[in-house]
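Below is one structure, written out as structure tokens, with a few remarks after it.
FYI, it's all coordinate maths here, none of it is from the lab. Remember, predicted model here, so these are calculated numbers, not experimental data. Glycine also receives a Cβ, built like all others from the backbone with ideal geometry; neighbour counts cover every protein chain displayed.
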Amino acid sequence: MKAIVRDDYGLAGLKLEEVDKPAVADDGVLVHVRAASVNRVDWYDVTGTPLVARPATGIRGPKTRSVGGDFAGTVAAVGSQVENFQPGDEVYGIANGSFAEYVCAERAVGRKPANLSFEEAAAVPVAALSALQGLRDHGQLQSGQSVLVNGASGGVGTFAIQVAKALGAEVTAVCSTRNVEQARSLGADEVIDYTRADFTRSGRRYDLLFDIAGSKSWRQCTRVLKPKARLVIVGGKSGRLLGPLGHIAKTWLASKPGGREAVFFIAKPGGPDLDVLRELLESGAVKPVVERRYELKDAADALRYMGEGHAQGKLVISV
């Protein structure tokens, strides 16, 4: 099969090669990949940043040649312990090495939303799970509460607006000028253009600040947080040594005194929440925003664009 692989860190090291088809685990499914999508975590993985993560990913070079996580496709074979899927089923999920014609998925796989194309479905898993788990579980967002989404474009941001509305919240989106109309079309009740106004000076206070951009300090964020509110940190500005971890650690430590709380999390790629998302997607409450499409051979271009940090929606790779 054809797959994007690498032997060193960096976009220049990516190449399309013929490799062996992965074996099917007893509790896994072999998926014929129809589409994959690019996430920020893929860019970190390929570039070997932040450097502080190298002991886990490989100090001198990557520990694994495979690239990619999100996928959508059809089941080609199932393991001996699998009972809920069979060959021919249309599925989506997360598995290491999805920038390939086949991938072996285990726990993080669900039935593809019937109303989505493979490309649209591939745009969902990591970004939408981050939005759902961040808002519902870590932000404890309730119907009738108010949430401010800082960084309301890109993959996670576009899903966060919609998931928050589906949970019954009043949503204020913060984004750049070119994304204002998109945020409104996705359901935001109010949109703040950060190039024209500082949202921390708006005078409003929120039950939850869902922070994808990581553009403000804890002290600045407290201006818009209610007394018992939460700040859920999804990302931050990247540096080569610490990546967003420097901002995350500084904010978390600064939040310790007082009644407000800052929380950081990493989404859990489990199957049950993929089923929750499928229901939201099939009902029309949530839809993926696909900005650009690439061929498998052009995966490096997709990752390069992701690294520039200006994506308006999801970047999809057609396999």
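What is the extension gain from Asp8 to His310, computed as 0.36 nm multiplied by their sequence separation minus the C-alpha to C-alpha distance, in nm to one decimal?
Contour length minus Cα-Cα distance gives 106.2 nm.
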Just Gly134, Gly93, Gly61 to compare: in a GNM of the chain, with alpha carbon springs under 10 Å, which one fluctuates most? Gly61
So between Leu253 and Lys297, what do we pick up on full extension, going 0.36 nm a residue minus the alpha carbon distance? 11.5 nm
Counting other Cβ atoms within 10 Å, which GluC sites (Glu not before Pro) in the stretch 1-91 have at most 10 and lie in a DSSP loop? Glu83
Would you look at the GNM of the chain, springs on alpha carbons closer than 10 Å, and say which of Pro22, Pro125, Pro55 moves the most? Pro55
In debye to the nearest 20, the charge dipole size for the stretch 127-264, taken about the Cα centre with +1 at each Lys and Arg Cβ and -1 at each Asp and Glu Cβ, equals 500 debye
Rounded to whole Hz, the Karplus (6.51, -1.76, 1.60) HN-Hα couplings of the stretch 76-82, x for glycine and proline: 9, 7, 10, x, 5, 9, 8
Kindly write out, for the stretch 204-220 in residue order, the coupling ³J(HN,Hα) from the Karplus curve 6.51 cos²θ - 1.76 cosθ + 1.60 (θ = phi - 60°), rounded to whole Hz, with x marking Gly and Pro. 8, 10, 10, 6, 8, 10, 9, 9, 8, 6, x, 9, 10, 6, 4, 4, 5
Once you charge only the Cβ atoms, +1 for Lys and Arg and -1 for Asp and Glu, what is the size of the charge dipole of the chain about its Cα centre, to the nearest 20 debye? 1580 debye
Quick check on the stretch 127-264: take the gyration tensor over C-alpha atoms, sort the square-rooted eigenvalues as a ≥ b ≥ c, and tell me if it's rounded (a/c under 1.5), prolate or oblate. rounded
Could you tell me which of rounded, prolate or oblate describes the stretch 194-260, using a ≥ b ≥ c as the square roots of the eigenvalues of the alpha-carbon gyration tensor, with rounded for a/c under 1.5 and, failing that, prolate when a/b is larger than b/c and oblate otherwise? oblate
In nm², what is the average projected area of the convex hull enclosing the Cα atoms of the stretch 44-131? 7.1 nm²
For the pair Lys237/Ser318, report the inter-label distance in nm, with labels modelled 7 Å from Cα in the Cβ direction. 3.8 nm
With a point put 7 Å past each Cα toward its Cβ, work out how far Ala197 is from Ala285 in nm, to one decimal. 2.9 nm
Charges on Cβ only, +1 for Lys and Arg, -1 for Asp and Glu, centred on the Cα centroid of the chain; of Ser37, Thr195, Gly151, which one is farthest towards the dipole's positive end? Thr195
Only Cα pairs under 8 Å and at least 6 apart count here; give the relative contact order of the stretch 200-257 as a rounded whole percent. 35 percent
Pairs of alpha-carbon atoms within less than 8 angstrom and 6+ residues apart define the contacts here; what relative contact order does the chain have, in percent? 21 percent
Place +1 on the Cβ of every Lys and Arg and -1 on the Cβ of every Asp and Glu in the stretch 127-264, take the dipole about the Cα centre, and give the residue among Ala183, Ala254, Gln162 whose Cα lies farthest towards its positive end. Ala254
What number, in percent, do you get for the relative contact order of the stretch 1-102 if the mean sequence gap of Cα pairs under 8 Å and at least 6 apart is divided by its residue count? 36 percent
In degrees between 0 and 90, to the nearest 10, how far off the longest principal axis of the chain does helix 245-254 point, with axes built from Cα atoms? 40 degrees
Whole-angstrom gap from the stretch 153-226 to the stretch 292-315, using each part's C-alpha centre: 24 Å
